Amino acid sequence: MIVLPRLFACLLLFVLVALSGCQQEPEIKTIPDPAPEQTKSQQEQGIEIQLQKDVYNGIPDRMRVILNNKSDREYTYGEFYQLERKIKEKWHIVVYSDAVFYENPSFKNYGSSFLPGETVTQSYSPKKLGLDIPPGEYRLVKTFLHESPSYQVTVAVPFRVE
């Protein structure tokens, strides 16, 4: 009779070990509907965005983003970046938790001037923002605001996490 509980315990242990090996990649929360603008350029109206690297092994600690204003106009911008993930050939907006904005009060889309001819380097840190990014294709989206006349310029740069 003691054999049956031991057999059951061994079977249970085997099942648990097998299931632990089948864990899925971490998921990142996205808006279910695709982003409204599926095509975004790295350069628009003289504003350009680049990444120092476009392939990352695992979740990037810090990404260096290079912004160039090759136009003759002044824009405003901030530290905020929209992150999008490609799912079934469509870009989907990644959802930031409310805590991201509370813990990073400068993570907003205004506050700095972007002068004509200026080049700026910013850092974007998915880890600092609490994002658990699984392997896949992503893009960083940046919006610049022009005051008079009022309009915005949006650029995006793709990257991959392996």
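The values are calculated or read from the model by the stated rules, or taken from the named source; none is laboratory data. None of these values were measured; they are calculated from a predicted model. Counting neighbours? That spans all protein chains shown, and the Cβs are built from the backbone with ideal geometry, glycine included.
The table below gives the values:
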{"quantity": "Scan of region 107-127 for residues that are over 17 Å from the mean Cα position of the chain (by Cα) and either of a type in the set (G, A, S) or at pLDDT below 90 (or both), ordered by number", "calculated": "G111, S112, S113, G117"}
{"quantity": "Criterion: within 25 Å of I59 (Cβ to Cβ), part of a strand (DSSP E or B) and not aromatic (F, W, Y) - qualifying residue of I133, I93", "calculated": "I93"}
{"quantity": "Subset of region 112-151 [of a type in the set (A, V, I, L, M, F, W, C) and surrounded by 13 or more Cβ atoms within 10 Å (Cβ to Cβ)]", "calculated": "F114, V120, L129, L131, I133, L140, V141, F144, L145"}
{"quantity": "One residue from V94, V120, V55, V100 being among the β-branched types (V, I, T) and within 14 Å of A156 (Cβ to Cβ)", "calculated": "V94"}
{"quantity": "Long-range neighbours under 8 Å by Cβ, at least six apart or interchain, first residue touching a residue at least 24 places away in the same chain (Cβ under 8 Å) and at negative phi within region 53-66, second assigned to a strand (DSSP E or B) and surrounded by fewer than 11 Cβ atoms within 10 Å (Cβ to Cβ)", "calculated": "R64/T121; V65/T121; I66/T121"}
{"quantity": "The one condition in (1) within 20 Å of E137 (Cα to Cα); (2) in a loop (DSSP other than H, G, I, E, B); (3) at pLDDT 95 or above; (4) not polar (S, T, N, Q) that V65 fails to fulfil", "calculated": "(2)"}
{"quantity": "Qualifying residue in region 101-111 (condition: outside any loop (DSSP other than H, G, I, E, B), in contact with a strand residue (DSSP E or B) (Cβ under 8 Å, 6 or more places away or on another chain), surrounded by 13 or more Cβ atoms within 10 Å (Cβ to Cβ) and not basic (K, R))", "calculated": "no"}
